[in-house]
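What follows is one structure encoded as structure tokens, with my remarks underneath.
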Amino acid sequence: MVHVMGDEESISSWIKPLGRLSVLYYGVGHMLNDITSACWFTYLLMFLTDIGLSPRDAAIVMLSGQVADGFTTIFAGELIDRFGHFKIWHAAGSILVAISFSSVFGGCIPCDIFGSNSSTMQTVGYSMFAAIFNVGWAVTQVSHMSMVNCITLDSSSRVVLASCRNAFTMVANLSLYAVALAVFHFRIAVTKLDIEDQYCWIAYVSIFIGCCFVGVFLIGTKEPRTRRGGEGKIHQRIPWDYWFKKVLYYQVALVYMLTRLITNVSQAFLAFYVINDLQMAQSSKALVPAIIYVCSFVVSIILQEMKWTSSRLKAGFTAGSIMWILSGAGILILPSSLYGFIYLLSVIIGVANALMTVTGISMQSVLVGEDLNGCAFVYGSLSFLDKISCGLALYVLESYQQTSPIILSCNSVMGCVSITRYGLGLVPASCAVIGLVVIYIMDLDRTTISGPLIQPLLA
């Protein structure tokens with residue numbers, strides 16, 4: 001009788017809305033991944049080209065990391081579904097990220113070992129540590145994302161968890177840009193060693209900040225269950241082909257992939273755009289992204305207090321897509337003489353990113369529903385598409401930049417026009433258009449996702 005009552009209480013706590021602390025503890029768990037990812041997409045290509053690698057070789061380094069990340073998500077999802085223990089996987093991945101990330105932005109260790117500084121050796125050396133870093137990153141990501149559906153069965157709480165996670169993604173990005181702004185201001189780079197020193201400092205501080213939050217997550221978050229449903233029934237492990245038979249799986253996968261393409265491609269080329277095309281000060285490559293993430297953070301906090309339905313998820317994604325289409329057009333036509341308008345575009349992009357990211361991730365939770373013993377595979381397979389597509393897109397853009405002039409033309413009206421301008425303006429906007437089409441035909445469950453958080457996240 002005592003056991004039955006305890007089990008009923010446990011099930012009851014699983015289906016009711018989460019409290020503020022539970023959401024906060026979960027939300028900070030991806031901070032290490034987020035702050036290193038922000039550095040990866042914002043500064044990796046710039047760092048590698050600044051130290052002498054060609055754009056194509058720099059793209060190969062990024063592609064090697066993205067491919068390693070993509071394949072690891074599949075295997076990590078399978079292993080987590082099979083064995084559980086989300087927090088152990090999370091901790092192991094975080095340790096690997098912390099150990100390897102500084103080598104991605106440091107000197108070429110294999111070059112020192114073999115006594116060669118050839119471009120081939122540098123490309124191989126940086127690619128090796130990029131792959132190791134992304135293996136750890138993928139394990140942490142899949143374990144953290146798949147926990148959402150096992151922490152609670154309450155649909156509104158799942159959206160709140162995704163929104164809180166996204167809010168702390170913004171905190172991580174802002175932390176990175178604050179660190180970068182300070183480093184670029186106080187440590188002026190003249191030589192290759194100075195450049196490596198700059199980015200090493202950024203990497204070390206980022207790792208320290210992220211590890212502090214990972215510790216809070218591991219201490220404050222309970223290991224979620226995986227084997228019981230809302231009525232206490234035992235669930236068998238779900239085979240892969242179960243998801244492949246669902247049309248919604250492909251629709252959500254495409255929406256998530258397009259969302260990540262938008263955010264990652266824009267993040268990777270924004271620094272090049274403000275420096276080369278708009279000819280702004282060096283500090284702008286930290287300030288402009290910071291504005292984007294401030295706006296995203298504010299919107300993410302607002303989104304978590306809303307009552308959600310399937311139609312509202314689609315409406316939120318649609319609004320974000322339209323805003324990105326308008327922003328892409330603005331990026332294409334903005335002349336360098338009016339560079340101040342990039343700050344307005346940054347606000348619009350920040351709001352759009354938050355809307356698309358929160359709703360896109362929440363659609364994954366709608367897809368999984370109560371099918372808990374296959375959720376890690378879903379998140380892993382969708383992340384696989386995200387990583388491979390982003391890596392290939394960036395490789396193609398960087399390769400084209402190497403075979404064509406970096407600056408295509410300059411005139412008194414537009415200033416300088418480059419491949420970066422077209423990549424930053426057209427790729428995210430095109431993805432947003434495709435996303436609108438997919439959202440229009442998508443048939444999400446019509447179950448109401450309602451009920452705000454018990455207490456405000458930020459009282």
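Hydrodynamic radius of the stretch 308-369 by the Kirkwood approach over all distinct alpha-carbon pairs: 12.7 Å. Distances between every pair of Cα atoms in the stretch 128-190, grouped in 5 Å steps from 0 to the bin holding the largest one, split as 4, 14, 13, 15, 17, 15, 10, 6, 4, 2, 1 percent.
When the inverse distances between all different Cα atoms of the stretch 257-332 are averaged and flipped, the Kirkwood radius reads 14.2 angstrom.
Within the stretch 163-229, the percentage of alpha carbon pairs spaced more than 13 angstrom apart rounds to 72%. Divided by 2.2 N^0.38 Å, where N counts the residues, the Cα radius of gyration of the stretch 18-164 comes to 1.19. Annotation: amide H-H contacts under 5 Å for Trp308 (H modelled 1.01 Å from N, sequence separation of 5 or more, or interchain): Ile449, Ser450, Gly451. The gain in end-to-end length when the Ile113 to Lys307 segment is fully stretched comes to 64.1 nm, 0.36 nm per residue minus the alpha carbon separation.
Each residue of the stretch 43-52 is assigned a 3J(HN,Hα), and the resulting list reads 10, 4, 4, 5, 4, 5, 6, 5, 8, x Hz, derived from the Karplus form 6.51 cos²θ - 1.76 cosθ + 1.60 (θ = phi - 60°), x at Gly and Pro.
Residue-wise HN-Hα couplings along the stretch 137-145, as the Karplus relation 6.51 cos²θ - 1.76 cosθ + 1.60 with θ = phi - 60° gives them from phi, are 4, 5, 4, 5, 5, 5, 5, 6, 5 Hz; Gly and Pro carry x. Computed over the alpha-carbon atoms, the stretch 118-228 gives an Rg to Rh ratio of 1.09, Rh here being the Kirkwood radius from the mean inverse distance. Please give me the summed charge of the neighbours of Ser418: other residues whose Cβ is under 14 Å from its Cβ, Lys and Arg +1, Asp and Glu -1. Net of charged neighbours comes to -1. Shape summary: the stretch 30-111 maps onto an equivalent ellipsoid whose semi-axes, from the alpha-carbon gyration tensor, are 28, 14, 11 Å in decreasing order.
Amide H contacts of Ser418: Leu408, each under 5 Å away and 5 or more positions distant or on a separate chain (H built 1.01 Å from N in the peptide plane; Pro and chain starts excluded). Pairs of Lys residues in the stretch 230-368 are counted when their Cα atoms are under 30 angstrom apart and they lie 8 or more places apart or on different chains; the count is 6. In this simple spin-label model, placing a label point 7 Å from the Cα along the Cα-to-Cβ direction at both Leu218 and Ile434 gives a separation of 3.8 nm.
The mean sequence separation of alpha-carbon pairs under 8 Å and at least six residues apart, normalised by the residue count of the stretch 49-193, gives a relative contact order of 33 percent. The translational diffusion coefficient of the stretch 74-136, from Stokes-Einstein at 37 °C and 0.692 mPa s with a Kirkwood hydrodynamic radius over alpha carbon pairs, comes to 251 µm²/s.
Scalar couplings 3J(HN,Hα) for the stretch 159-164, obtained by applying the Karplus form with A = 6.51, B = -1.76, C = 1.60 to θ = phi - 60°, are 5, 4, 4, 5, 5, 5 Hz; x denotes Gly and Pro.
At R0 = 41 Å, how high is the FRET efficiency between Val247 and Asp50 if r is their beta carbon distance? Nearest 0.05 is fine. Approximately 0.35, to the nearest 0.05.
No value in this document is a laboratory result; all are computed from the given coordinates. From a predicted model like this one, the values you see are computed outputs, not experimental measurements. Every residue, glycine as well, gets a Cβ built from its backbone with ideal geometry; the counts of neighbours run over all protein chains shown.
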